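A short write-up of the structure that comes next.
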Amino acid sequence: MAFLFRRLAFYLAAFLAAATINFFLPRLMPGDPIQLMFSSAGAELPPESLEALKLTFGFVDGPLWQQYLTYLGSIFTGDLGRSIKYFPLPVTSVLGHALIWTLVLMGTATIISFILGTWLGVMAAWKRGSRFDVIVSVSAIFATSVPAVVTSLIVLFVFGFTLDWFPNGYAADPSLDPAFTLQYISSVAYHGVLPMVTLCTVLIGGFTVTMRNNMINLLGEDYIVMARAKGLSDRRVMLWYAARNALLPTVSSLAIAIGTILGGSLVTEVVFNYPGLGNVLYQAILARDYPVIQGQLLIMTATMLVANFIVDVSYVLLDPRLKAA
Amino acid sequence: MNQPLLSVKNLTIDYIGDETDFRAVDNVSFDVAPGEVFGLAGESGCGKSTIAFAISRLHRPPALIRTGSEILLDSREVLDLNPQELAAFRWREVAMVFQSAMNSLNPVLRVEAQFYDVLKTHLGMTKAQARERTAEMLKLVDINPDRMRDYPHQFSGGMRQRIVIAICLALGPKMVVMDEPTTALDVVVQREILQRINELRKKLGFSVLFITHDLGLMVQFCDRIGIMLGGKLVEQNTAQAIYRTPQHDYTKKLWASFPSLHGGVLA
Amino acid sequence: MKTLLRNRKALVGLAIIATIAILAIAAPLLTEYNPATRTGRPHQAPSMDHILGTTRIGQDVFARVLYGARTSLMVGFGAGLLITLVGTVLGIVAGYRGGKTDEVISFFTNMVLVVPNLPLLLVLAAFIGQASPVVIALILGATSWAWGARVTRAETLSVKQKDFVKSAEMMGERQWRIMAFEIFPNVISIVGINFIGSVIFAIITQATLEFLGLGDPRAISWGNMLFAAQKASALSVGAWWEILTPCFALAFLGIGMSLLNFAVDEIANPRLRTGNRLGRWSLLVRNGEGRL
Ligand SMILES: Nc1ncnc2c1ncn2[C@@H]1O[C@H](COP(=O)(O)OP(=O)(O)OP(=O)(O)O)[C@@H](O)[C@H]1O
Ligand SMILES: [Mg+2]
């Protein structure tokens with residue numbers, strides 16, 4: 001319990017760090033920070049809205065610490081300002097809407113590739129040196145080494161354009177109204193296939209390799225040998241003794257991988273024109289919509305911290321040695 | 001000697017390397033009678049554990065048991081057992097205490113579960129029956145049965161070692177292989193454990209293959225002893241003979257490196 | 001180094017990287033075209049004149065991919081070096097000095113590890129404006145050292161206990177000399193793994209940032225090629241050569257680097273090595289010379 005509380009405090013500090021970067025970055029750049037942050041809006045922004053934005057981002061008259069506190073105040077009351085490109089939509093609603101799509105895409109892909117990759121890694125380690133192992137290991141190397149941009153573009157080219165099996169963009173048929181109807185949901189699933197396949201390809205290799213290496217290291221452990229000596233079936237030794245224990249370090253590597261997963265899904269969304277964070281962000285970058293760009297750092301950091309916390313909790317649940325501590 | 005329980009004949013084991021092979025065990029033969037304690041002694045790396053592993057067929061590639069080797073238990077060829085027979089044979093007939101017994105319990109499973117999987121696999125016991133048997137076995141090695149729901153890390157090294165011994169005896173095996181069961185323990189605990197094993201052996205009647213490089217300990221504990229050097233069994237004889245009239249130069253050298261042997265034979 | 005050359009994965013990996021490097025250096029000999037200027041009609045399919053076709057504004061794709069390799073390699077290795085340098089120094093100092101220094105460095109390391117890297121880079125790059133390859137390498141170096149620092153610190157902690165370090169301390173050796181001449185040579189394998197991993201990361205991230213439009217569009221690089229092609233909707237208009245060429249170049253380089261990465265991993269952790277043994281073992285079993 002104490003362990004989890006310590007983690008929580010640490011995450012709060014990390015979130016604060018991300019906010020601090022946001023605060024200082026425009027102020028450290030040459031030139032007028034206000035000009036820099038809101039100039040892309042041109043003359044379109046009504047003066048009173050500009051004033052409100054300046055307040056949100058801490059551009060108030062007063063010393064730096066007062067500006068800083070003002071900015072933190074707006075963040076912790078959930079005010080991330082308004083998007084300039086999509087004015088007058090608040091950043092939270094622009095990003096919040098997109099975040100749902102990203103989480104669905106990323107979450108499903110992570111779960112699928114984690115389960116599949118872990119399983120492949122277990123089998124490959126168990127059949128060490130066999131043809132299965134060689135094929136799995138080499139494909140894993142290839143899958144992990146190709147950047148997500150490249151994988152997305154190639155998948156899109158082959159299955160979207162050349163074979164034309166799947167749609168080339170969007171999360172659902174634009175002519176349908178979003179609703180919990182079978183038609184809409186199946187359209188979402190159909191549109192989700194290619195980005196999902198891409199993300200899984202990008203992620204699965206890493207899980208496979210991690211699990212395989214952990215398993216191989218574990219298979220030499222004494223308690224595995226003892227489990228075999230006990231006459232337990234191979235299946236039981238492999239799953240109940242080896243895989244279960246190898247999962248621990250794999251789960252903790254998952255925590256570190258979440259950042260990479262986020263990055264991969266951003267890029268994939270851009271390529272497939274998927275309405276998640278990545279795409280919103282891409283549009284924001286092209287339009288130099290700084291409030292949105294800054295907002296995404298906070299939202300992504302928060303997402304990452306929540307995911308890390310979930311990993312922490314499951315780690316504690318999986319490892320009795322931690323539970324006592 | 002009447003019909004031996006374990007009979008190892010011409011056992012040769014290689015570790016296959018990228019270019020050349022390493023002969024870890026070279027044409028070793030010895031017998032162990034029912035109820036007997038047979039000791040294998042020799043310096044580190046001479047192939048003792050490699051023999052122990054072969055008896056339960058625990059080796060994995062790149063270890064290779066060369067054709068022509070025989071391991072007979074109760075006149076049955078262990079090397080010919082098929083996977084089902086092997087699974088039934090392991091632990092039921094030959095159980096094993098590993099060199100690092102302290103680390104041979106699964107850290108994420110309760111002690112109880114590590115008894116239960118043996119009892120269920122081999123005897124088809126229910127959870128309740130297994131719990132009863134576990135309590136009985138733990139008492140045998142002086143561990144409070146109330147602690148069976150604890151995890152291994154909650155026990156001391158010596159206690160873990162005794163738990164492993166209890167798991168070993170849970171099925172009443174004919175033979176127990178003990179690969180340096182007491183290294184890493186202090187002398188007092190070491191004695192206690194050996195004493196306990198000896199009592200249990202007398203009560204339950206299993207044979208022991210006892211492996212160590214501590215000759216002094218071995219002479220006190222074993223009926224007969226084999227001395228190994230670089231994968232070969234260079235001498236085997238009764239404990240008394242090995243102690244009083246060693247034949248092989250290497251055995252003599254081993255004794256010379258032992259300044260004094262204190263204490264008599266274990267009761 | 002010798003063990004590295006005996007490893008098949010390492011050999012293939014090195015061969016791939018060497019090929020790319022040679023092509024990049026020899027670019028002016030291999031193509032007559034200037035990669036930056038228009039040399040043909042827009043979106044010409046591959047032909048004898050333009051082996052890999054032309055871009056939307058009529059630049060030669062082959063010339064761009066060759067010259068782009070220079071940027072990718074330089075940013076990759078430059079940023080990789082920088083990331084490794086920062087990570088190694090921080091890791092060794094934290095691990096060796098311990099105490100308050102360690103606490104502070106470890107706190108920052110862990111913090112950087114939980115702030116998602118790409119979003120952070122996006123913010124930085126967005127404020128900097130059109131980031132040139134050099135700037136990209138610098139910000140990568142500044143933000144991506146945490147993993148290396150963490151593993152180097154862990155390794156330093158175990159090396160620190162060794163006798164030769166203790167005896168150097170007894171002889172009153174200066175701290176920085178101990179770190180540089182006693183600790184560093186003994187954590188070199190971790191540093192190697194860190195370096196290769198960082199190069200891979202830098203290459204991928206540079207391409208990603210540029211693809212997202214954060215790079216300086218005048219720089220000739222694979223990421224910018226992807227950005228331009230995406231903006232020109234190259235796939236929709238059927239100009240697959242414009243997009244697939246940098247894709248395959250990146251994939252090729254990535255595979256080469258990863259093979260090297262896995263080889264170094266295997267060398268550092270012998271348990272992972274498969275080598276010849278298992279093949280010879282199966283052969284012997286098949287020939288009936290032994291069993292388990
Ligand atoms: N997996 C392996 N691959 C290659 N060689 C091995 C392997 N395992 C053991 N060996 C070698 O086989 C020889 C015998 O090892 P073994 O473990 O049987 O020694 P031991 O007599 O039990 O020594 P100790 O008293 O230190 O436990 C050693 O020289 C060792 O280097
Ligand atoms: Mg041994």
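The values are calculated or read from the model by the stated rules, or taken from the named source; none is laboratory data. Since we're looking at a predicted model, the values are computed, not measured. With ideal geometry, Cβ positions are generated from the backbone for all residues, glycine too; neighbour counts draw on all protein chains shown. Keep in mind that these areas ignore ligands, DNA and RNA; they rest on the heavy atoms of the full protein, side chains included. Shrake-Rupley method; radii C 1.70, N 1.55, O 1.52, S 1.80 Å.
Among the conditions (1) touching a strand residue (DSSP E or B) at 6+ places or on another chain (Cβ under 6 Å); (2) more than 16 Å from ligand 2 (Cβ to nearest atom), the only one that B:M96 does not satisfy is (2). Just one residue in the set B:R90, B:R66, B:R57 is more than 16 Å from ligand 1 (Cβ to nearest atom) and either farther than 30 Å from A:L318 by Cβ or basic (K, R) (or both); that residue is B:R90.
Every residue, every condition in (1) of a type in the set (S, T, N, Q); (2) more than 14 Å from chain C (Cβ to nearest Cβ); (3) open to solvent by less than 40 Å² (accessible area, probe 1.4 Å); (4) not in a helix (DSSP H, G or I), yes or no:
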| position | (1), (2), (3), (4) |
| --- | --- |
| A:L8 | no, no, no, no |
| A:Y11 | no, no, yes, no |
| A:L16 | no, no, no, no |
| A:F24 | no, no, no, no |
| A:Q35 | yes, no, no, no |
| A:S49 | yes, yes, yes, no |
| A:F59 | no, yes, yes, yes |
| A:Q66 | yes, yes, no, no |
| A:L72 | no, yes, yes, no |
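C:P116 meets all of the listed conditions (1) touching a Gly at 6+ places or on another chain (Cβ under 6 Å); (2) under 26 Å from C:V187 (Cα atoms) but one, namely (2). Being more than 14 Å from chain A (Cβ to nearest Cβ) and within 16 Å of ligand 1 (Cβ to nearest atom) holds for only one residue in B:A24, B:A52, and it is B:A24. Give B:G216, B:G158, B:G231, B:G226 a once-over and let me know the one that is under 29 Å from B:V118 (Cβ atoms), more than 14 Å from chain A (Cβ to nearest Cβ) and touching a residue at least 12 places away in the same chain (Cβ under 8 Å). Being under 29 Å from B:V118 (Cβ atoms), more than 14 Å from chain A (Cβ to nearest Cβ) and touching a residue at least 12 places away in the same chain (Cβ under 8 Å) holds for just one of B:G216, B:G158, B:G231, B:G226, which is B:G158.
The single residue among A:P30, A:P90 that is within 28 Å of the chain's Cα centre (by Cα) and open to solvent by 20 Å² or more (accessible area, probe 1.4 Å) turns out to be A:P90. Looking at segment A:161-180, which of its residues are more than 27 Å from the chain's Cα centre (by Cα) and open to solvent by less than 60 Å² (accessible area, probe 1.4 Å)? Matches in segment A:161-180: A:L176 only.
The rows are residues; the columns are (1) modelled with pLDDT under 90; (2) crowded, with 22+ Cβ neighbours inside 10 Å; (3) in contact with a Phe, Trp or Tyr (Cβ under 8 Å, 6 or more places away or on another chain); (4) among the aromatic types (F, W, Y).
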| residue | (1), (2), (3), (4) |
| --- | --- |
| C:Q161 | yes, no, no, no |
| C:E169 | yes, no, no, no |
| C:G172 | yes, no, no, no |
| C:Q175 | yes, no, yes, no |
| C:I188 | yes, no, no, no |
| C:V199 | no, yes, yes, no |
| C:Q206 | no, yes, no, no |
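In this structure, does A:S187 turn out to be open to solvent by less than 60 Å² (accessible area, probe 1.4 Å), without any contact (Cβ under 8 Å) to a residue 24 or more places away in the chain, part of a helix (DSSP H, G or I) and of a type in the set (G, A, S)? So A:S187 passes the test. Listed by position, the helices (runs of 4 or more DSSP H) enclosed by segment A:228-325 that each have at least 3 residues that are open to solvent by less than 40 Å² (accessible area, probe 1.4 Å) and within 14 Å of chain C (Cβ to nearest Cβ) are A:244-272, A:277-286, A:290-318. Annotation: of all residues in segment B:180-211 being within 14 Å of another protein chain (Cβ to nearest Cβ) and at pLDDT below 90, the one that is most open to solvent (accessible area, probe 1.4 Å) is B:A184.
One residue stands out in segment C:43-93 among those that are without any contact (Cβ under 8 Å) to a residue 12 or more places away in the chain, aliphatic (A, V, I, L, M) and not in a helix (DSSP H, G or I): the one that is most open to solvent (accessible area, probe 1.4 Å), namely C:M48. Residues of segment B:218-239 that are within 14 Å of ligand 1 (Cβ to nearest atom) and either modelled with pLDDT of 90 or more or open to solvent by 50 Å² or more (accessible area, probe 1.4 Å) (or both): B:G226, B:I227, B:M228, B:L229, B:G230, B:G231, B:K232, B:L233, B:V234.
Looking at segment C:121-137, is at least one residue touching a helix residue (DSSP H, G or I) at 6+ places or on another chain (Cβ under 8 Å) and among the polar types (S, T, N, Q)? There is no residue in segment C:121-137 that is touching a helix residue (DSSP H, G or I) at 6+ places or on another chain (Cβ under 8 Å) and among the polar types (S, T, N, Q). Among the residues of segment C:143-153, are any out of contact with any Gly (no Cβ under 9 Å at 6 or more places or on another chain), part of a helix (DSSP H, G or I) and farther than 25 Å from A:I261 by Cα? Checked segment C:143-153: no residue is out of contact with any Gly (no Cβ under 9 Å at 6 or more places or on another chain), part of a helix (DSSP H, G or I) and farther than 25 Å from A:I261 by Cα. Looking at this structure, is C:S106 polar (S, T, N, Q) and either buried (at least 24 other Cβ atoms within 10 Å of the Cβ) or touching a residue at least 60 places away in the same chain (Cβ under 8 Å) (or both)? In short, no. Based on what the data block shows, is B:D26 surrounded by fewer than 19 Cβ atoms within 10 Å (Cβ to Cβ), without any contact (Cβ under 8 Å) to a residue 40 or more places away in the chain and either within 16 Å of ligand 2 (Cβ to nearest atom) or farther than 21 Å from A:G231 by Cα (or both)? Taking the combined requirement at face value, the residue does not satisfy it. Scanning segment B:38-61 for residues that are outside any loop (DSSP other than H, G, I, E, B) and more than 13 Å from ligand 2 (Cβ to nearest atom) turns up B:F38, B:G39, B:I55.
Could you please give the count of residues in segment A:115-168 that are over 20 Å from C:A239 (Cα atoms) and away from chain C (no Cβ under 12 Å)?
Going through segment A:115-168 one residue at a time, the tally reaches 13.
If you go through segment C:274-292 and keep only what is open to solvent by 50 Å² or more (accessible area, probe 1.4 Å) and within 10 Å of chain A (Cβ to nearest Cβ), you end up with C:G275, C:R277.
Being away from ligand 1 (no atom under 12 Å from the Cβ) and open to solvent by 10 Å² or more (accessible area, probe 1.4 Å) is the filter here; which residues of segment B:34-49 pass it?
B:P34, B:G35, B:E36
Checked against the criterion of being assigned to a helix (DSSP H, G or I), more than 25 Å from A:A124 (Cα to Cα) and of a type in the set (A, V, I, L, M), the candidates C:L235, C:L284, C:L226 yield just one match: C:L226.
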